[in-house]
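Following: one structure in structure tokens, then a few remarks.
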Amino acid sequence: MKITDIKIIVASPGRNFVTVKIYTDEGLTGIGDATVNGREKSVVAYLEDHLVPILIGKDPMRTEDIWQYLYKGAYWRRGPITMAAISGIDMALWDIKAKAANMPLYQLLGGKSRDKVMVYKHVGGLDISEVVEGVVKMREAGLDAIRAQVSIPGLPPIYGTGPSLDQTKGGMITALPTEEVWATHKYLPLVPKLFEKVRDAVGWDVHLLHDVHHRLTPIEAARLGKDLEPFRLFWLEDAVAAELQEGFRIIRQHTTQPLAVGEVFNSIYDLQTLITEQLIDYIRVTSVHAGGVTGLKRIFDFAAIYHVRSACHGPMDVSPVAMGCNIHVDTAINNFGIQEFSGYTEETYDMFPRSWRYERGYLHVGETPGHGVDIDEKVAAKFPYSPAYLPVARLEDGGMTSW
Ligand code: GCO
Ligand code: MG
């Protein structure tokens with residue numbers, strides 16, 4: 001089999017998505033997700049200018065060799081743009097391979113290790129009572145795992161809380177970046193109060209999660225972890241910016257609160273220390289940013305040796321194609337932890353016909369050959385690219401900070 005053509009489709013059915021479509025001389029096609037939220041066009045250029053020309057004529061069945069060819073062959077290794085481009089190609093190649101085998105992708109990854117995939121969804125609010133109300137509703141909707149975020153009183157709503165939380169309505173994604181305000185000393189005492197009220201309302205059978213979004217220092221995160229211990233959270237996510245993996249040693253010394261990190265990582269080398277030293281409990285890499293099916297499976301197998309579980313990043317900017325690949329990997333591996341799932345706009349669902357399905361807190365893998373997600377190009381053509389940025393964050397004195 002030979003690759004005859006590769007098309008890059010950019011569309012914005014609520015969010016911008018970059019989709020790779022690979023054609024072969026045997027008529028089989030495959031698709032992959034290559035979206036980097038807020039930097040979409042740089043991946044399009046990387047693919048169209050640099051990867052498409054060198055892949056035409058190659059054998060699409062050689063998924064490992066093509067992955068290495070693009071990774072090692074670039075000389076400039078890793079990085080979000082390179083790895084999203086490789087991810088999009090890799091997903092499309094696995095799609096073709098599984099279609100050629102006439103099997104759902106999970107069969108090629110070892111077969112089913114579970115029947116369904118537990119997900120968590122997000123609840124936010126401008127104050128604690130609004131969040132509690134949202135968590136109760138989410139529980140009634142069947143969720144066994146819920147992420148709770150609250151705005152800081154006296155400050156404007158921040159990303160992940162308040163009205164912006166509904167990612168299906170666009171979240172805080174705007175044509176130019178909005179500037180948010182952050183104050184750690186106001187946030188730290190608030191979060192334990194939130195979880196005390198949430199536990200009072202929904203009890204102890206439900207998994208509760210919280211995303212710090214990289215906003216603390218290690219010792220501040222350690223304090224928060226200790227203060228949250230009575231409420232037994234499933235995890236504390238992205239407590240610090242994780243470029244310095246060793247920072248997690250400080251958090252780990254002080255608290256038994258389980259820790260999750262990794263949504264911005266794109267290679268196994270970004271998480272080597274975190275995993276080998278068992279500084280975290282869940283690794284949040286996802287197929288679209290960590291090297292496709294090949295990259296994700298390799299990282300999760302590595303994590304398994306160190307008792308670290310999977311927790312694929314799955315917000316609305318991870319397209320239904322990457323979500324489909326995640327679900328196949330989640331279903332196949334032994335060390336599955338949880339899958340994030342925000343849901344999508346109706347337009348997005350129309351654009352990506354798929355065999356996976358969501359039902360009351362769980363995702364179910366599809367049985368169609370390939371990864372089971374397709375793209376309807378007529379629908380895609382109705383939603384052209386529209387510039388969109390994530391917010392940035394400043395301290396109350398105007399200084400830039402992590403968010
Ligand atoms: C999460 C996140 C996301 C990211 C977003 C960036 O845990 O789902 O932190 O909301 O901020 O995906 O593009
Ligand atoms: Mg996060």
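Details
- For Glu243, the conditions (1) crowded, with 22+ Cβ neighbours inside 10 Å; (2) of a type in the set (Asp, Glu); (3) free of Cβ contacts under 8 Å to residues at least 12 places away in the same chain all hold with the exception of (1).
- Selection within segment 142-164 - over 22 Å from the mean Cα position of the chain (by Cα) and surrounded by fewer than 22 Cβ atoms within 10 Å (Cβ to Cβ): Ile152, Pro153, Gly154, Leu155, Pro156, Pro157
- Filter pass, Ala311 being assigned to a strand (DSSP E or B), open to solvent by less than 10 Å² (accessible area, probe 1.4 Å), at pLDDT 95 or above and not assigned by TED's automatic domain parsing to the domain that holds Lys21: yes
- Residue that is within 16 Å of ligand 1 (Cβ to nearest atom) and either assigned to a loop (DSSP other than H, G, I, E, B) or more than 20 Å from the chain's Cα centre (by Cα) (or both), where the choices are Gly398, Gly337, Gly343: Gly343
Here's the yes/no breakdown for (1) among the hydrophobic types (A, V, I, L, M, F, W, C); (2) touching a residue at least 40 places away in the same chain (Cβ under 8 Å); (3) within 30 Å of Asp376 (Cβ to Cβ):
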residue	(1), (2), (3)
Gln257	no, no, no
Ser267	no, yes, no
Ile283	yes, no, no
Ala304	yes, no, no
Asp330	no, yes, yes
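- Residue list for segment 246-267, filter: within 16 Å of ligand 1 (Cβ to nearest atom) and crowded, with 19+ Cβ neighbours inside 10 Å: Leu259, Ala260, Val261, Gly262, Glu263, Phe265, Asn266
- Qualifying residue in segment 315-326 (condition: in contact with a His (Cβ under 6 Å, 6 or more places away or on another chain) and more than 16 Å from ligand 1 (Cβ to nearest atom)): yes
- Restricting the search to strands (runs of 3 or more DSSP E) fully inside segment 1-60 and requiring at least 2 residues that are among the hydroxyl-bearing types (Ser, Thr, Tyr) gives 17-24.
- Qualifying residue in segment 246-262 (condition: within 12 Å of ligand 2 (Cβ to nearest atom), modelled with pLDDT of 95 or more and part of a loop (DSSP other than H, G, I, E, B)): yes
This table checks each residue for (1) in contact with a Gly (Cβ under 7 Å, 6 or more places away or on another chain); (2) open to solvent by 40 Å² or more (accessible area, probe 1.4 Å); (3) among the aromatic types (Phe, Trp, Tyr).
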residue: Lys58; (1), (2), (3): no, yes, no
residue: Ile66; (1), (2), (3): no, no, no
residue: Arg77; (1), (2), (3): no, yes, no
residue: Pro80; (1), (2), (3): no, yes, no
residue: Ala98; (1), (2), (3): yes, no, no
residue: Pro104; (1), (2), (3): yes, no, no
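- One residue from Ala239, Ala221 being under 23 Å from the mean Cα position of the chain (by Cα), more than 15 Å from ligand 1 (Cβ to nearest atom), under 23 Å from Val123 (Cα atoms) and at pLDDT 95 or above: Ala221
- Restricting attention to segment 201-220 and to residues that are free of Cβ contacts under 8 Å to residues at least 60 places away in the same chain and not in a loop (DSSP other than H, G, I, E, B), the residue that is nearest to ligand 2 (Cβ to nearest atom) turns out to be Leu216.
- Some residue of segment 113-125 being in contact (Cβ under 8 Å) with a residue 24 or more places away in the chain, farther than 23 Å from His371 by Cα and among the aliphatic types (A, V, I, L, M): yes
The values are calculated or read from the model by the stated rules, or taken from the named source; none is laboratory data. Fair warning: this is a prediction, and the values are worked out from it, not measured in the lab. In this analysis, Cβ positions are derived from the backbone assuming ideal geometry, glycine residues included, and neighbour counts consider all displayed protein chains. Accessible surface is based on the protein model in full, side chains and every heavy atom, while ligands, DNA and RNA are left aside. Shrake-Rupley method; radii C 1.70, N 1.55, O 1.52, S 1.80 Å.
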